[in-house]
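Asker: Provided herewith is a single structure, encoded as structure tokens, for subsequent inquiry.
The values are calculated or read from the model by the stated rules, or taken from the named source; none is laboratory data. The shown structure was predicted, so the numbers you read here are calculated from the model rather than taken from an experiment. Using ideal geometry, Cβ is built from the backbone for each residue, glycine included, and neighbour counts are taken over all protein chains shown. Quick note on the areas: whole protein, heavy atoms, side chains included, nothing else; ligands and nucleic acids left out. Shrake-Rupley method; radii C 1.70, N 1.55, O 1.52, S 1.80 Å.
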Amino acid sequence: MSDNQAEIIESQQQIVRVLQKAAVEEQTVEVQINQRTRLFFSVMMDQLPDFIESVDPQGAAVLVEPEYRPFSYLENKTHLLISPLYPAIGNAQIRSSESVLIRFFDGVKSYEADLVFANTAFVRGEPAIALTFPATLNLFRRRRFFRADLPANIDLKLQVKVGKNPPSLVRLMNISPGGLAFCGEQEAEALPLESQVVLILESNEVPPFQVTGIIRSCSRTSPKDGCPLFPNRFGVQFELLTEQMARRIEEVTAYAQRIHLRRTLALRARMEPVEPSRTSKKEETAKPREEKVEELMKFFGLKKEFKFK
């Protein structure tokens, strides 16, 4: 079978396993509405159970987390929950849509499913979008790469080494499993097209490693690139020699995409993500939680239509 031909997965049990794996790994979900070319981005959400009321040793009422298996709701095969879309205009479009295509990734493989918008949802004070459960999944052995644009202060550092010269720190602009872009002080003559470079990546979340790449593009930076100190922008295609190295790149890209999506959604919502309190009294938290919900729902253009039990 060609890498560009789809393998159709019809087993509902296998579909559940694929979705649960992608959800637990917080894979970015690409969303296309009514077969249009514009992409929106989301992540899968869990249908969390309600907190259980209990009493602490001092006799005060507290809310505690019940035992449950993450994303076990998918085993009911009734619906799929995703977070509100980015850019936010997609949330209004999906409500009146006729078809919704989702795409997510596992290594070099990609999965696609044709779904239908079911309703808006409400899970523990957070808005969500409910889609129909996939009847089938289309598996492609070769994925299309989404590059996550990265903020300058991201905890993901990149050094570039050319020949026998010592490595120099550059500003990582975006990354995908196929390559990356960076801006640096190097002139175009120092990194000509088709030349080979060594890329050294490191962060607090991912152990440092290096991979070789080929310079595929070079251009002058602009104000929107966020590189005021560097004159040139370079595009690099990875040379992945082993499956292990490809997996390392996948890990780094998934980490970068999660940061990209979380920060963007938090900025758009004009608030930091709020973790539920396990010690707050229900009566004291009800009003602030509703106020935050109303703010989120209003921003994303959603209506509070129902709550999953």
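Asker: Quick one: if you stick a label point 7 Å off each Cα along the C-beta vector at residue 53 and residue 196, how many nm between them?
Answerer: Those two pseudo-labels are separated by 6.9 nm.
Asker: While we're here: How much accessible area per residue does region 1-150 have, in Å², with a 1.4 Å probe?
Answerer: That works out to 47 Å² per residue.
Asker: Same structure, new question: What is the Cα coordinate range of region 143-222 on the first, second and third principal axes, sorted by size from largest, in whole angstrom?
Answerer: Largest first, region 143-222 extends 33, 27, 26 Å along its Cα principal axes.
Asker: Taking 8 Å as the Cα distance limit and 6 or more residues as the minimum spacing, I'd like the relative contact order of region 38-143 as a percentage.
Answerer: 25 percent
Asker: About the Cα centre of region 1-147, what is the dipole size in debye to 20, counting +1 per Lys and Arg Cβ and -1 per Asp and Glu Cβ, all else neutral?
Answerer: 800 debye
Asker: If R0 is 45 Å, what FRET efficiency do you get for residue 89 and residue 185 from their C-beta distance, rounded to 0.05?
Answerer: Computed FRET efficiency for residue 89 and residue 185 comes out at 0.75.
Asker: Another question, then. For a Förster distance of 22 Å, can you work out the FRET efficiency between the beta-carbons of residue 246 and residue 216, rounded to the nearest 0.05?
Answerer: Result of the calculation: an efficiency of 0.75.
Asker: Using only alpha-carbon positions, what ratio does the radius of gyration of region 1-149 give when scaled by 2.2 N^0.38 Å?
Answerer: Scaled against compact globular proteins, the figure is 1.18.
Asker: Roughly how many Å is it from the Cα centre of region 1-60 to that of region 212-231, as a whole number?
Answerer: After rounding, the separation between the Cα centres reads 35 Å.
Asker: Please list the equivalent ellipsoid semi-axes of region 78-214, computed as the square roots of five times the alpha-carbon gyration tensor eigenvalues, in descending order and whole angstrom.
Answerer: Whole-Å semi-axes of the equivalent ellipsoid: 40, 17, 14.
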